[in-house]
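The values are calculated or read from the model by the stated rules, or taken from the named source; none is laboratory data. It should be emphasised that the depicted structure is a prediction, and the values quoted were computed from it without experimental measurement. When we count neighbours, we look across all protein chains shown, and the Cβ atoms used for this are built from the backbone with ideal geometry, even at glycine.
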Amino acid sequence: MNTFPFNYVIDPAVFRIILIAAIPLAILQVTLMIIAVINLVKKQVPSGDKILWLLLILLVNTIGPIIYLVVGSHALDEKAAQYAEQRENERSQG
């Protein structure tokens, strides 16, 4: 009895090739997610903005972290500068 998965659907050699290709892609996906989440956590912005970006990173798999790292990180840097300036103004007035 052969216990190979997908025995009647896909040839074992093809399955191995797909598996060999999928493992590096999965590692890349997890690495991008970790890098994006660490970068996001370090930003000094309101938590509402972080939650939206976190949902994008986690729910849109490989493309979500790439979008965050290319677009969102820079947008949050600008927002963090504005947020820091706003907090500084509030401290100096109060």
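Numbers for the structure displayed
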read-out: Number of positions in the range 24-68 that are farther than 21 Å from K79 by Cα and part of a helix (DSSP H, G or I); value: 14
read-out: Test set (1) buried (at least 16 other Cβ atoms within 10 Å of the Cβ); (2) modelled with pLDDT under 90; (3) in contact with a helix residue (DSSP H, G or I) (Cβ under 8 Å, 6 or more places away or on another chain) - Y83 fails condition number; value: (3)
read-out: Every residue from the range 36-50 that is at pLDDT 90 or above and surrounded by 15 or more Cβ atoms within 10 Å (Cβ to Cβ); value: A36, V37, N39, L40
read-out: Unique match (being among the aromatic types (F, W, Y) and more than 19 Å from Q29 (Cβ to Cβ)) among Y83, Y68; value: Y83
read-out: Number of the exception - I35 against (1) farther than 17 Å from V71 by Cα; (2) within 17 Å of the chain's Cα centre (by Cα); value: (1)
read-out: Of all residues making up the range 51-76, the number that are exposed (fewer than 13 other Cβ atoms within 10 Å of the Cβ) and at pLDDT 85 or above; value: 7
